[in-house]
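Single-structure report; data block below.
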Amino acid sequence: MTLRGTIFDVVRDTFTQERILAYESRDRTRAWKITGCFVWPAEKVAPLFSKDGAIDSNTISCDATLWTDSVDDPINGSLDLAENRSIGWCNQGWKVNVDPTTGKTRWWAPSSFKDMTELVIDVDRIATNELYIGIDWGSAILDDAPTLDWSFMIVLEEISITAQASLLQQLKGIGQSIQ
């Protein structure tokens, strides 16, 4: 099963989080193992302009995190493994510029699309009731960067677990420190 979509109008240097899975049931044996998660800038990005107004090459960075519970603004801790609610992480960078022959904006990165968009996933964690994705992006050389839309795709495998295992995963997923 995949969950995919776009988070619209994410403002630079502002953590944005969206709930992408909500499961409420008495059946505590149903759960989902996250086998992949990918985040990238949506293709409809307009050209970016430098401080003097000229179209310029620019670096865009993104911290993306997968969560099992809603969080406030974790900008300084979103990549911290001690935060039990976070189960997937990435810090990505892209170069964006305008193709001089076509005038179109193009994104490029030093490695493959999959490598540049994939989150590292904690394979020992299971989603039992909620899943959130959080995005924080920035650009060091722009004063007033536009908002960006970010696409995501999450690959899930439905599994059966015991009610006890479900409860333990849920406690881990709401920030409890359980070793």
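Give me F152, F15 sorted ascending by neighbouring Cβ count inside 10 Å, so fewest comes first.
Sorted ascending by nearby Cβ count, the order is F15, F152.
Work out the FRET efficiency for R30 and S61 from their Cβ-Cβ distance, taking R0 = 30 Å, and round it to the nearest 0.05.
The pair R30/S61 has a calculated efficiency of 0.25.
Once phi is turned into θ = phi - 60°, what whole-Hz ³J(HN,Hα) does the Karplus curve with 6.51, -1.76 and 1.60 give for every residue of the stretch 3-20, x standing for Gly and Pro?
Rounded to whole hertz, the list is 10, 9, x, 9, 9, 8, 6, 7, 7, 3, 6, 10, 5, 10, 10, 9, 7, 10.
Can you list residues from other chains, or at least 5 along the same chain, whose modelled amide H is less than 5 Å from the amide H of C37?
For C37, whose amide H was placed from the backbone, the distant partners under 5 Å are L119, V155.
Between E158 and D9, how high is the FRET efficiency from 1/(1 + (r/R0)^6) when r is the Cβ-Cβ distance and R₀ = 30 Å? Nearest 0.05.
0.40
Mind listing the phi-derived Karplus ³J(HN,Hα) values for the stretch 124-138, rounded to whole Hz, using 6.51, -1.76 and 1.60 with θ = phi - 60°, and x for any glycine or proline?
8, 10, 10, 7, 10, 8, 9, 8, 10, 10, x, 9, 9, 10, x
From the phi of every residue in the stretch 81-93, what ³J(HN,Hα) in whole Hz does the Karplus formula 6.51 cos²θ - 1.76 cosθ + 1.60 yield, where θ is phi - 60° and glycine or proline is x?
5, 6, 7, 5, 6, 8, 10, x, 9, 7, 10, 10, x
Can you give me the long-range amide H partners of I161? Hydrogens built in the peptide plane at 1.01 Å from N, cutoff under 5 Å, separation of 5 or more residues or another chain.
R30, A31
Under 5 Å between amide hydrogens, which residues at least 5 positions from V10 or on another chain qualify, with H placed 1.01 Å from N in the peptide plane?
L148, D149, W150
Bear in mind that the values in this text are calculations on the coordinates, not laboratory data. Small disclaimer: the values here were computed from a predicted structure and weren't measured. No Cβ is skipped: glycine too gets one built from the backbone with ideal geometry, and neighbour counts run over all protein chains shown.
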